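Worksheet: one structure, shown below.
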Amino acid sequence: MSNKVWQCDTTTIDCGDSMIKDTTKAYFIRCAIADTTESYFYGYVFDSKTYKPIEKAIVTLRGHGGEYSDTTNSDGKFVIQEFGYDDSCSLLTSHSKYRCLIVNFKAYGTGNFDGFNIKLQRKK
């Protein structure tokens, strides 16, 4: 696991918040737990002002099982599969033209099929 210290905006949300709690930075678009050991995590990264998708943002999930990353496509979508979960995880999203964002969230064991919408602010 990387020891690099990130100086990013941060927010904390819980799977139970679902789409109800929009922190203006991130919100769950799906949170489901199934009777399986597989885990699947996906989401979209958008510009916080224009809501246009951000391509080539790097999204890194950090938890007990290690670090798992993906890069967003032209639709701003990322997918991370087959990862280990801990009680508390963090999702780091970064792009050279935007302020990075760390989303801290609670996970509930294996068999998670979760999704986030992430909104990044352009650097000044």
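Each reported figure results from applying straightforward, stated rules to the coordinates on display, with no laboratory input. Keep in mind that this is a model prediction, so the values were computed, not measured. Don't worry about glycine lacking a Cβ; one is built from the backbone with ideal geometry, like all the others, and counts go over all protein chains shown.
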Distance in nm between pseudo-label sites at residue 10 and residue 96 (7 Å out along the Cβ direction from Cα): 2.8
Residue-span extension gain [residue 55 to residue 77] - 0.36 nm each, minus C-alpha spacing: 7.1 nm
